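Everything on this sheet refers to the single structure shown next.
The values are calculated or read from the model by the stated rules, or taken from the named source; none is laboratory data. It should be emphasised that the depicted structure is a prediction, and the values quoted were computed from it without experimental measurement. Cβ atoms come from the backbone with ideal geometry, glycine included; neighbour counts cover every protein chain shown.
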Amino acid sequence: MSQEPILLDVAAATSIHSEAAALTGFKDLLFGSIAGMIGKTIEYPFDTVKVRLQSQRDDAPLRYRGPLDCFRQTVAQDGIRGLYRGISSPLVGAAVENSALFFSYNIAQSFVKKTLYPAIPENEKLPLNALVFCGAASGAFASFILTPIELIKCKMQVQTIGLQRPISSGAIPSATAGIHTAAVRHAGPIALIGEVYRVYGVRGFWHGQFGTFLRETGGSAAWFGSYEYMSGMLRGLSGKKTNSAGEQMIAGATAGVSYNFMFYPADSVKSRMQTEAIGAKGDKMESFFTVAKKMYQAGGIKPMYRGCGITCMRSAPSSAIIFLVYESLKSYFA
């Protein structure tokens, strides 16, 4: 009997499997991007307030008494537009972050299932501890993509509160401290990218990487782990094999709060690092541990959690929408 038909069947099956895997990966990237941008649009004003609260130094009088006061001052100074200052970079970042997270999360699941749990059928989920590990792996991967985007985003969010020098007519100066007036033109993302590169080189775009790595690795483990746990619990209560839209949003909201609360201090240190004024060429950037030590010495643990309440509050609806949109698109185009 000729082996040629068998070899052709194996080759055809391998080709079909590869095409299906590529299509699934493309869907993860596309659906994650769409979900991330929608979620970012909803949460961005709260993120602006969070970063401004985190950027306040403890060796000087606080500019804001709390989240509501920060909202009030920002709107009074810049209008609603001020709450969305710098959103172009985060929209790109949200698309990249969520597409990278969902894509790498599913890649990690496939790898873990093949290597550690080969007996589990393709359409069944891994144990929760394995899903938590896959979430951590996806966050670690995404952190290296996110740091440069968040660096520019954070610098734009604090431009009008005196942490960045305004851009006047003519050459762009270093973004050191300055005073905001109605006639001032602040640096856009392209100008800030050029300034960071001029002063620090390529390495400067990953300033705060360790903080992003801690936040994303631990936070994504909590994000996906909480979502999977809550989704499974709700399916058990309802007796159904799939979650309703409402259940997906409840699980997503739980995931959002878990992600932000558990590793918030790492994000606070990272924001403090990324909102420092750009210095002169040749200046050295302070490390994560140096900044964390200074923050703790100046105000104890309190500065590490400044803005945590509003961050958790905004992350609940944002994550609920992200998971709802992602799961709905994935189901519709299955």
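Summary of computed values
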quantity: Some residue of the stretch 264-283 being surrounded by 15 or more Cβ atoms within 10 Å (Cβ to Cβ), among the aromatic types (F, W, Y) and in a loop (DSSP other than H, G, I, E, B); calculated: no
quantity: Some residue of the stretch 122-130 being part of a helix (DSSP H, G or I), crowded, with 21+ Cβ neighbours inside 10 Å and either within 17 Å of the chain's Cα centre (by Cα) or modelled with pLDDT of 50 or more (or both); calculated: no
quantity: Tally of residues being buried (at least 21 other Cβ atoms within 10 Å of the Cβ) and within 16 Å of S226 (Cα to Cα) across the stretch 304-320; calculated: 4
quantity: Qualifying residues in the stretch 290-334 (those that are charged (D, E, K, R) and assigned to a helix (DSSP H, G or I)) - the one modelled with the lowest pLDDT; calculated: R314
quantity: Condition check for D78: surrounded by fewer than 22 Cβ atoms within 10 Å (Cβ to Cβ), in contact (Cβ under 8 Å) with a residue 24 or more places away in the chain and of a type in the set (D, E, K, R); calculated: yes
quantity: Complete set of residues in the stretch 205-255 that are within 30 Å of A292 (Cα to Cα) and not in a helix (DSSP H, G or I); calculated: H207, G208
quantity: Pick from the stretch 212-266, criterion among the polar types (S, T, N, Q) and touching a Lys or Arg at 6+ places or on another chain (Cβ under 8 Å), ranking: nearest to E97 (Cα to Cα); calculated: T212
quantity: Leading residue by the ranking (modelled with the lowest pLDDT) among those in the stretch 133-186 that are in a helix (DSSP H, G or I) and either in contact with a strand residue (DSSP E or B) (Cβ under 7 Å, 6 or more places away or on another chain) or charged (D, E, K, R) (or both); calculated: K153
quantity: Filter pass, M249 being in contact with a Leu (Cβ under 7 Å, 6 or more places away or on another chain) and surrounded by fewer than 23 Cβ atoms within 10 Å (Cβ to Cβ); calculated: yes
quantity: Residue among P61, P45 that alone is assigned to a helix (DSSP H, G or I) and under 30 Å from G204 (Cα atoms); calculated: P45
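Yes/no per residue for (1) under 14 Å from Q54 (Cα atoms); (2) not aliphatic (A, V, I, L, M):
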position: E276; (1), (2): yes, yes
position: T311; (1), (2): yes, yes
position: A320; (1), (2): no, no
position: F323; (1), (2): no, yes
